[in-house]
């Protein structure tokens with residue numbers, strides 16, 4: 001990974017105008033590569049996000065025995081090794097900055113009789129992996145070595161005879177659920193995950209797309225019971241990767257807060273487990289229209305037309321957090337530009353992302369004159385309809401902090417300088433150029 005520091009500042013801009021397509025969805029891109037690698041035969045993927053996180057997952061699949069090749073921009077082919085068919089890698093698997101890629105591949109490898117070492121950059125090394133190991137050890141895998149606190153680098157010995165389990169995650173986490181389901185592919189019988197709070201369902205959809213038998217039923221008021229029938233023969237199926245709603249969040253909020261803006265975002269995924277931000281912004285008064293709704297690759301997709309809007313503060317319920325966990329940073333920017341108080345409840349999960357995103361969001365806003373507080377796991381932003389700006393933002397190597405701060409600067413009274421934007425490439429290559437193309441002043 002290129003470690004060159006790249007500072008940048010965003011300044012108050014004129015209206016943002018244009019029609020753009022943000023990069024392919026990162027969650028779908030990771031899963032297409034991983035599940036494609038567990039099929040027998042060749043899977044064609046179009047629209048793959050070619051950011052560093054996904055490229056690192058593609059390298060891991062290659063190291064684990066799959067044939068993975070890029071045949072054009074966003075066009076990839078994966079020749080899989082079958083369920084439980086991963087081979088022992090010759091070197092540690094380096095996931096760079098990607099917690100998603102790392103945790104999902106730990107799950108997939110846990111069902112294979114191999115030993116593999118998982119590693120990443122300084123940011124990923126600081127993040128906990130112990131909770132993903134707990135259910136995998138019940139299934140027969142074990143960590144033969146790990147860094148203190150259950151952190152990377154970590155060496156995993158996969159299960160020789162994987163055991164199906166019934167698992168109730170201690171927190172709402174699509175990564176935890178997905179790791180268990182991917183390990184469960186190799187186990188006989190049924191692997192069951194019971195979620196008390198429903199999370200993103202991309203893994204279930206992707207497994208079904210490739211021929212696995214996955215059933216989902218309601219469990220309680222907000223939960224789901226997911227049952228996977230083990231040891232399927234996964235069948236290659238083409239995947240069209242929709243545009244990433246987590247990436248679309250940044251131009252969406254920018255268009256809402258920069259006066260006079262109107263932007264159309266093409267082919268954005270509208271899976272209900274990913275649209276918590278759009279729902280919240282609409283509650284705040286945002287004008288976001290869905291045009292040409294359709295299904296692509298098993299996922300709901302639409303074009304979004306976004307117009308500058310007068311936003312007002314709202315209360316965001318905790319059960320919405322799993323559907324927008326990556327978007328709270330840029331929602332903080334929208335809340336700062338709204339009139340009134342926005343309280344975002346139940347953000348515990350933000351503390352264990354690329355950085356402590358709860359503290360980082362508060363610090364980013366506070367440095368730029370916004371009245372903000374943290375109450376337990378709640379973030380409270382007292383919006384005044386505009387942001388003073390002028391405060392330097394420290395990104396802590398977190399791509400979403402960098403993009404959120406740049407969006408904030410486009411509508412602030414004073415420029416917002418950001419210490420490093422190099423890590424934006426992990427999830428949104430071309431972000432700066434896209435925002436400039438819409439009329440954003442970034443330099």
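Points worth noting:
- Only residues that are under 23 Å from residue 54 (Cβ atoms) and touching a strand residue (DSSP E or B) at 6+ places or on another chain (Cβ under 7 Å) were counted across the range 128-157, and they come to 6.
- Residues of the range 280-300 satisfying the condition of being surrounded by fewer than 23 Cβ atoms within 10 Å (Cβ to Cβ) and modelled with pLDDT of 95 or more: 282, 283, 285, 287, 288, 289, 290, 291, 292, 293
- One residue from 305, 320, 282 being more than 29 Å from residue 214 (Cβ to Cβ) and in a helix (DSSP H, G or I): 282
- Hey, residue 422 modelled with pLDDT under 95, touching a strand residue (DSSP E or B) at 6+ places or on another chain (Cβ under 8 Å) and assigned by TED's automatic domain parsing to the domain that holds residue 265 or not: no
- Unmet requirement for residue 199, which otherwise passes all of (1) under 28 Å from residue 79 (Cβ atoms); (2) buried (at least 22 other Cβ atoms within 10 Å of the Cβ): (1)
- Qualifying residue in the range 110-119 (condition: crowded, with 24+ Cβ neighbours inside 10 Å, at pLDDT 95 or above and part of a strand (DSSP E or B)): yes
- Qualifying positions in the range 383-411 - surrounded by 18 or more Cβ atoms within 10 Å (Cβ to Cβ) and farther than 20 Å from residue 327 by Cβ: 389, 391
- Under the condition of being more than 24 Å from the chain's Cα centre (by Cα) and in a loop (DSSP other than H, G, I, E, B), the residues counted in the range 131-175 number 12.
- Screening residue 84 with (1) without any contact (Cβ under 8 Å) to a residue 40 or more places away in the chain; (2) on the phi > 0 side of the Ramachandran plot gives one miss only, at (1).
- The range 140-162 - residue that is closer than 26 Å to residue 197 by Cβ and either modelled with pLDDT of 95 or more or not assigned by TED's automatic domain parsing to the domain that holds residue 202 (or both) and, of those, surrounded by the fewest Cβ atoms within 10 Å (Cβ to Cβ): 151
Matching residues to (1) crowded, with 19+ Cβ neighbours inside 10 Å; (2) in contact (Cβ under 8 Å) with a residue 40 or more places away in the chain; (3) not assigned by TED's automatic domain parsing to the domain that holds residue 406:
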site	(1), (2), (3)
237	yes, yes, yes
250	yes, yes, no
253	yes, yes, no
257	yes, yes, no
278	yes, no, no
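- Only residues that are surrounded by 23 or more Cβ atoms within 10 Å (Cβ to Cβ) and over 20 Å from the mean Cα position of the chain (by Cα) were counted in the range 16-56, giving 5.
- Selection status of residue 374, within 30 Å of residue 125 (Cβ to Cβ), crowded, with 19+ Cβ neighbours inside 10 Å and assigned by TED's automatic domain parsing to the domain that holds residue 332: no
- Residue list for the range 366-392, restricted to those being within 30 Å of residue 129 (Cα to Cα) and more than 22 Å from the chain's Cα centre (by Cα): 373, 374, 375, 376, 380
- For the range 170-187, the condition of being without any contact (Cβ under 8 Å) to a residue 40 or more places away in the chain and outside the structural domain of residue 349 (by TED's automatic domain parsing) holds for at least one residue.
- Within the range 259-281, being in contact with a helix residue (DSSP H, G or I) (Cβ under 9 Å, 6 or more places away or on another chain) and more than 28 Å from residue 222 (Cα to Cα) holds for 261, 262, 263, 265.
The values are calculated or read from the model by the stated rules, or taken from the named source; none is laboratory data. The structure displayed is predicted, hence computed values, not measured ones. Counting neighbours? That spans all protein chains shown, and the Cβs are built from the backbone with ideal geometry, glycine included.
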